[in-house]
Amino acid sequence: MHRFLPLLLAAAAGTAQAQTAPAGPPPPAPTAEPVAPAVTVDIPGPQAPLPDLPGGEAVAWPDVVSTSSGDADAPDAAVRYSVEVSGLAELGLDDEFRGLSTLWLHRGEETNLAQLGRRIAEDRDLVDLLLRSIGHYGGQARISIAPGTAAAPASVVRVVAQPGPVYNFREITITASPGAVNSSDPARIVGRLLPIRVGDAVEAARVQSAQDGLPIRLADAGYPFARITLPDITIDHASRDATLVQSVDLGRRGVFGAIRIDNGVKGMDEKHVALLARFKPGDRYSNAGREDLRRALVQTGLFGAVAIKPGEGAVREDGTQTVNLDINSEAAPMRTIALSGGFSTGQGVRAEGSWTHRNLFPPEGAFTARAVAAQREQVAQVELRKRNFGQRDRQLLVAGGFTASQQFAFAAETLGISAALARESNILWQKDWTWSIGAQALITSQRDRSVPGDLRRTFTVLALPASVTWDRSDDLLNPSRGFRLTTRLGPEFTLRNQSNFNYLKAQFEATAYKPIGDSLVLAGRFHIGSIVGANRGVIAPDRRFYAGGGGSVRGYVFQGVGPRNEDNVPTGGNSLTELAVEARYRFQALGQDLGIVAFVDAGEVSTGTTPAFDRLSLGAGIGARFYTGFGPVRVDIATPVNPQKGDPRLVFYVSIGQAF
């Protein structure tokens with residue numbers, strides 16, 4: 001925050017001339033000093049701090065004025081003091097001063113007058129440095145001491161800053177360095193990359209920032225090995241302006257060359273790393289491309305640290321220079337154990353655990369064993385996930401296992417295997433378009449609870465699910481503006497009792513987010529689905545549509561929305577409609593990032609293939625959000641507005657992430 005202070009007296013080395021004091025009420029006239037002669041300062045290395053502006057010694061400092069009366073205390077007398085500061089807050093420098101001031105640091109302590117005098121001198125210089133950091137030169141820092149009284153024995157040190165005029169750049173010149181490898185005029189390139197313009201204030205902090213950022217900007221423009229000397233700045237106190245001369249050797253234009261990586265992570269060789277890069281050998285070099293590759297390596301989860309250093313390669317026939325990338329890395333722990341739990345009315349307590357090896361099948365072949373123990377569901381499953389499979393951001397997922405489910409509508413035990421190829425989105429690179437295509441084969445024994453006396457029947461199902469999503473929202477976990485559109489299609493082929501039939505399961509979902517001010521977001525969701533080609537009675541019970549629950553229609557338990565038989569058991573259906581509207585208000589309280597949500601949900605399940613929109617079930621409620629680094633923790637309480645027989649008065653949900 002304060003690293004620029006040693007160079008605030010100047011933005012660069014050069015020549016300067018002390019002129020007459022600026023107009024305005026003059027300070028007490030100091031003893032006349034000779035005008036500082038023109039001085040040329042040797043340019044240090046590019047990483048050295050910028051030297052002081054020549055001529056700065058010609059600016060007169062006001063004397064320290066004491067308003068105390070009577071004889072001075074003995075030098076070793078102990079005093080206590082408070083500090084009052086004025087004139088800096090209006091310039092945005094008050095916090096900076098308090099963070100660096102020795103007077104402020106030691107206020108309230110017992111201090112002798114010699115120490116106090118040194119602190120006053122230091123803070124007088126500090127005020128001038130701060131004023132110059134934002135372009136004010138020739139100002140005054142008046143520091144006075146008011147003695148204490150019987151009622152308030154502590155003395156008061158008053159610091160009054162009177163900023164001088166703002167100096168501005170009158171002329172900025174970009175030239176090629178003597179003996180430059182690239183002798184072409186760099187003004188056209190550097191001029192648009194240097195964030196300083198004619199008319200800008202001569203702010204030392206801004207000049208330093210411009211110098212720090214110029215190598216990165218030039219590298220992004222294709223010149224990774226540019227050599228930049230410190231600028232020459234000439235200050236003219238008479239006209240209250242300055243000129244800046246910047247010398248640059250652009251070096252040769254760079255193009256990407258070879259990628260070399262150490263053996264820190266098994267399987268992450270040059271061939272696989274090249275697959276992650278968004279550039280090819282011979283493409284114009286840019287720091288942005290290099291940083292994108294570094295972030296892609298970090299995103300794999302296999303690296304604890306990654307550093308990519310560009311190195312000078314061969315000069316090509318066209319005059320460009322190859323830039324080789326050397327990657328140094330540290331491996332992250334490969335094994336993870338995860339435990340989670342939850343609760344919802346109707347589904348009860350849920351516990352889930354998993355063990356993952358993120359690189360068991362290198363490169364990036366993660367193996368996960370997962371188990372779920374819940375009141376209404378039990379799962380034992382293994383999964384292989386290959387990220388960046390043949391192409392960046394594409395993954396192959398193969399999973400298989402056993403599930404048992406005891407829901408209100410059915411009981412099922414299923415053994416299955418599935419595979420999918422997908423283009424994935426993630427927090428670092430949220431994609432506009434994502435897709436998935438896969439296959440699923442399963443054998444399931446199920447009992448339809450909505451059919452009295454129904455015996456278990458065995459279904460053999462082959463499904464070919466596919467989906468595509470257009471995502472224009474601003475955040476993957478907690479969107480506040482934009483929209484998402486998702487279409488899912490899944491033809492399914494079923495064998496039951498030596499007879500077979502097939503049908504198409506289609507769904508469409510749209511969500512939208514609209515900010516109202518800085519803290520309020522309105523969010524909406526619409527979901528519609530249909531099964532065409534088979535009636536509800538022959539379809540396996542767990543393949544039908546159901547509604548109700550925390551991710552569907554809140555205010556109802558899972559499968560609590562839709563038609564029921566005479567025993568109040570859900571039957572499921574061939575079509576589905578869900579709608580939801582939320583108002584999300586986010587705020588800070590008790591040092592936490594919190595939110596409250598009001599929502600209204602609606603849904604319907606119909607036995608026909610087309611939604612009827614005639615028996616919508618409504619639910620309403622409120623929720624709390626606890627925002628964390630991995631997304632919001634959601635706690636919702638809802639009630640059914642038009643309940644059916646057996647529906648609870650209140651339903652409670654706890655989960656991670658927004659409802660949609």
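The values are calculated or read from the model by the stated rules, or taken from the named source; none is laboratory data. Treat the numbers as computed from the prediction; the structure is a model and nothing was measured. So basically every Cβ, Gly included, is an ideal-geometry build from the backbone, and we count neighbours across all protein chains shown.
Is there a residue being at pLDDT below 90 and within 14 Å of Gly139 (Cα to Cα) anywhere in the range 63-84?
So the first thing to find is which residues in the range 63-84 are at pLDDT below 90, and the list is 63-80.
When the remaining residues are screened for being within 14 Å of Gly139 (Cα to Cα), the result is 63.
The answer is yes, given that some residue of the range 63-84 is at pLDDT below 90 and within 14 Å of Gly139 (Cα to Cα).
If you go through the range 123-178 one residue at a time, how many are part of a strand (DSSP E or B) and either buried (at least 19 other Cβ atoms within 10 Å of the Cβ) or more than 37 Å from the chain's Cα centre (by Cα) (or both)? So that I can check it myself, show each step before the final result.
Just the residues of the range 123-178 that are part of a strand (DSSP E or B), to begin with: 136, 140-146, 155-162, 166, 168-176.
Right, trim to either buried (at least 19 other Cβ atoms within 10 Å of the Cβ) or more than 37 Å from the chain's Cα centre (by Cα) (or both) and you get 136, 140-146, 155-162, 169-176.
Qualifying residue count, the range 123-178: 24.
Can you name every one of the strands (runs of 3 or more DSSP E) wholly within the range 346-431 that holds 1 or more residues which are hydroxyl-bearing (Ser, Thr, Tyr) and in contact with a Pro (Cβ under 7 Å, 6 or more places away or on another chain)?
Values: elements: 348-357, 365-374, 377-386, 394-406, 410-423.
Ranges flagged: none.
Can you go through Ile143, Ile120, Ile189 and tell me which one is of a type in the set (A, V, I, L, M), closer than 30 Å to Thr320 by Cβ and at pLDDT 85 or above? Spell out how you get there, then give the answer.
Values: Ile143 fails: closer than 30 Å to Thr320 by Cβ; Ile120 fails: closer than 30 Å to Thr320 by Cβ.
Exactly one residue qualifies, and that residue is Ile189.
Touching an Asp or Glu at 6+ places or on another chain (Cβ under 8 Å), at negative phi and at pLDDT below 95: which single residue out of Asn502, Asn478 fits that description? If you could, list the steps in order and put the result at the bottom.
Values: Asn478 fails: touching an Asp or Glu at 6+ places or on another chain (Cβ under 8 Å).
On inspection, the qualifying residue turns out to be Asn502.
If I ask for residues that are closer than 30 Å to Asn568 by Cα and surrounded by fewer than 18 Cβ atoms within 10 Å (Cβ to Cβ), which ones from the range 412-438 would you list? Full working, then the answer.
Start the filter on the range 412-438 by keeping residues that are closer than 30 Å to Asn568 by Cα, which leaves 412-415.
Listed by number, the residues that qualify are Glu413, Leu415.
Condition first: surrounded by fewer than 16 Cβ atoms within 10 Å (Cβ to Cβ) and not in a loop (DSSP other than H, G, I, E, B). Now tell me which residues in the range 76-90 satisfy that.
Step one: filter the range 76-90 for residues surrounded by fewer than 16 Cβ atoms within 10 Å (Cβ to Cβ), giving 76-78, 80, 84, 86, 89-90.
Selection gives Ala78, Glu84, Ser86, Ala89, Glu90.
Which one of the conditions (1) under 30 Å from Arg456 (Cβ atoms); (2) within 27 Å of the chain's Cα centre (by Cα) does Asn565 fail to meet, given that it meets all the rest?
(2)
Quick one: Ser344 ticks every box in (1) assigned by TED's automatic domain parsing to the domain that holds Gly301; (2) surrounded by 13 or more Cβ atoms within 10 Å (Cβ to Cβ) except a single one, so which number is it?
(1)
Is there a residue being more than 19 Å from the chain's Cα centre (by Cα) and among the basic types (Lys, Arg) anywhere in the range 291-303?
The first filter runs over the range 291-303 and keeps only residues more than 19 Å from the chain's Cα centre (by Cα), leaving 302-303.
Still in the running and among the basic types (Lys, Arg): none.
No, the range 291-303 has no match at all.
Counting only residues that are under 25 Å from the mean Cα position of the chain (by Cα) and not in a loop (DSSP other than H, G, I, E, B), which one in the range 630-653 is nearest to Tyr556 (Cα to Cα)? Give the steps one after another, and end with the answer.
Looking only at the range 630-653, we keep the residues that are under 25 Å from the mean Cα position of the chain (by Cα), and these are 630-635.
Of the ones still in play, those that are also not in a loop (DSSP other than H, G, I, E, B) are 631-635.
Details: Gly631: 25, Pro632: 22, Val633: 20, Arg634: 17, Val635: 15 Å.
Only one residue fits best here, namely Val635.
Can you tell me how many residues in the range 469-491 are in contact (Cβ under 8 Å) with a residue 40 or more places away in the chain and hydrophobic (A, V, I, L, M, F, W, C)?
2
Applying the selection to the range 432-456, what residues are assigned to a strand (DSSP E or B) and hydrophobic (A, V, I, L, M, F, W, C)?
Listed by number, the residues that qualify are Trp433, Trp435, Ile437, Ala439, Ala441, Leu442, Ile443.
Could you identify the single residue in Ala523, Ala547 that is of a type in the set (Gly, Ala, Ser) and more than 24 Å from Ser405 (Cα to Cα)?
Values: Ala547 fails: more than 24 Å from Ser405 (Cα to Cα).
Result: Ala523 is the single residue among Ala523, Ala547 that is of a type in the set (Gly, Ala, Ser) and more than 24 Å from Ser405 (Cα to Cα).
So if I check each of Ala523, Ala506, which one is in a strand (DSSP E or B), closer than 22 Å to Ala583 by Cβ and in contact (Cβ under 8 Å) with a residue 12 or more places away in the chain?
Values: Ala506 fails: closer than 22 Å to Ala583 by Cβ.
Only one candidate qualifies: Ala523.
Would you mention how many residues in the range 570-593 are part of a loop (DSSP other than H, G, I, E, B) and surrounded by fewer than 19 Cβ atoms within 10 Å (Cβ to Cβ)? Working first, answer last.
As a first pass, look at the range 570-593 and keep what is part of a loop (DSSP other than H, G, I, E, B): 571-572, 574, 590-591.
From what's left, surrounded by fewer than 19 Cβ atoms within 10 Å (Cβ to Cβ): 590-591.
Matching residues across the range 570-593 total 2.
Filter the range 281-317 down to the residues that are in contact with a strand residue (DSSP E or B) (Cβ under 7 Å, 6 or more places away or on another chain), in a loop (DSSP other than H, G, I, E, B) and within 27 Å of Ala226 (Cα to Cα) and list them by number.
Of everything in the range 281-317, those that are in contact with a strand residue (DSSP E or B) (Cβ under 7 Å, 6 or more places away or on another chain), in a loop (DSSP other than H, G, I, E, B) and within 27 Å of Ala226 (Cα to Cα) turn out to be Pro281, Gly282, Asp283, Tyr285, Arg316.
Take the residues in the range 183-219 that are surrounded by fewer than 18 Cβ atoms within 10 Å (Cβ to Cβ) and out of contact with any strand residue (DSSP E or B) (no Cβ under 8 Å at 6 or more places or on another chain), then tell me which one is farthest from Arg252 (Cα to Cα).
Applying the filter and picking the extreme gives Ser209.
Could you give me the residue pairs with C-beta distances under 6 Å whose first residue belongs to the range 214-234 and is assigned to a loop (DSSP other than H, G, I, E, B), whose second residue is buried (at least 18 other Cβ atoms within 10 Å of the Cβ) and among the aromatic types (Phe, Trp, Tyr) wherever it lies, and which are 6+ apart or on separate chains?
Gly222/Tyr285; Pro224/Tyr285
Which residue out of Gly401, Gly390 is of a type outside the set (D, E, K, R) and crowded, with 17+ Cβ neighbours inside 10 Å? Step through it out loud before you land on a result.
On the way: Gly390 fails: crowded, with 17+ Cβ neighbours inside 10 Å.
Selected residue: Gly401, the only one of Gly401, Gly390 that is of a type outside the set (D, E, K, R) and crowded, with 17+ Cβ neighbours inside 10 Å.
Can you list residue pairs whose Cβ atoms sit under 8 Å apart, with the first residue in the range 427-455 being under 21 Å from Gln406 (Cα atoms) and the second being aliphatic (A, V, I, L, M) and in a loop (DSSP other than H, G, I, E, B)? Count only pairs 6 or more apart in sequence or on different chains.
Sorted first by the residue in the range 427-455, then by its partner, the pairs are Thr444/Ala540; Gln446/Ala540; Arg447/Leu455; Asp448/Ala409; Arg449/Ala409; Arg449/Val569; Ser450/Ala409; Ser450/Val569.
Against the definition (closer than 25 Å to Ile427 by Cβ, at pLDDT 95 or above, crowded, with 19+ Cβ neighbours inside 10 Å and not basic (Lys, Arg)), how does Val468 come out, yes or no? Quick ask: steps written out before the conclusion?
Values: closer than 25 Å to Ile427 by Cβ: yes; at pLDDT 95 or above: yes; crowded, with 19+ Cβ neighbours inside 10 Å: no; not basic (Lys, Arg): yes.
It is false that Val468 is closer than 25 Å to Ile427 by Cβ, at pLDDT 95 or above, crowded, with 19+ Cβ neighbours inside 10 Å and not basic (Lys, Arg).
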